[in-house]
Amino acid sequence: MSRHDQAMPLDGEALAAGCRAAAQQLDQALGQPFQAVIAAVDDVERVVARLRDGLIAHRRAATITGEMSAALDSLNATLSLIVAVEYPQGALQRAYIEQARDLLRAIAEQP
């Protein structure tokens, strides 16, 4: 059984709360040393993956709305940014953290 099979559809409040918390964690990590940033990014990656899996469960149940579909696209983009931070080609890309944080904030603010 894959983790997608176990995911439960999530409601808008849970999505917004999860995105707000993850954005706050990234915001706090920005001023920290490298190891603390990576630890925070690891935590946020797990949260974002769970949120994404909840939206995928809606898609599979054919209950996904247009707003949820847009949020799913944004969460996928956020995960791409987070992975780029975890596996940098050079120096730590704090701009990617800022972009991921901003995407999460935008999702949280959606109606």
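The values are calculated or read from the model by the stated rules, or taken from the named source; none is laboratory data. Since the structure is predicted, the reported quantities are computational estimates derived from the model, not experimental observations. For neighbour counting, all protein chains shown are included, and Cβ atoms are generated from backbone atoms with ideal geometry for every residue, glycine included.
For the condition more than 11 Å from the chain's Cα centre (by Cα) and closer than 14 Å to Ala22 by Cβ, Glu109 qualifies. Whether any residue in the range 55-67 is hydroxyl-bearing (Ser, Thr, Tyr), assigned to a helix (DSSP H, G or I) and within 18 Å of Ala16 (Cα to Cα) is what I want to check. No.
What do you reckon, is Gln93 exposed (fewer than 13 other Cβ atoms within 10 Å of the Cβ), without any contact (Cβ under 8 Å) to a residue 40 or more places away in the chain and among the polar types (S, T, N, Q)?
No, not satisfied.
Comparison of Leu92, Leu104 shows that the only residue that is out of contact with any Pro (no Cβ under 6 Å at 6 or more places or on another chain), in a helix (DSSP H, G or I) and among the aliphatic types (A, V, I, L, M) is Leu104. The residue list Ala36, Ala14 contains one member that is of a type in the set (A, V, I, L, M), in contact (Cβ under 8 Å) with a residue 40 or more places away in the chain, surrounded by fewer than 15 Cβ atoms within 10 Å (Cβ to Cβ) and assigned to a helix (DSSP H, G or I), which is Ala14.
For the range 80-89, the criterion of being touching a helix residue (DSSP H, G or I) at 6+ places or on another chain (Cβ under 9 Å), outside any helix (DSSP H, G or I) and over 12 Å from Ala22 (Cα atoms) is met by at least one residue. Please determine whether any residue of the range 71-90 is of a type in the set (A, V, I, L, M, F, W, C) and in contact (Cβ under 8 Å) with a residue 60 or more places away in the chain. No, because not a single residue in the range 71-90 is of a type in the set (A, V, I, L, M, F, W, C) and in contact (Cβ under 8 Å) with a residue 60 or more places away in the chain. Being of a type outside the set (A, V, I, L, M, F, W, C), under 13 Å from the mean Cα position of the chain (by Cα) and loosely packed, with under 15 Cβ neighbours inside 10 Å: is that true of Asp42 here? Criteria met by Asp42.
Among all positions in the range 64-80, there is no residue which is under 24 Å from Met8 (Cα atoms), in contact with a Ser or Thr (Cβ under 8 Å, 6 or more places away or on another chain) and at pLDDT below 95.
If you go through the range 45-52 one residue at a time, do you hit one that is over 11 Å from the mean Cα position of the chain (by Cα) and in a helix (DSSP H, G or I)? Among the residues of the range 45-52, not one is over 11 Å from the mean Cα position of the chain (by Cα) and in a helix (DSSP H, G or I), which makes the answer no.
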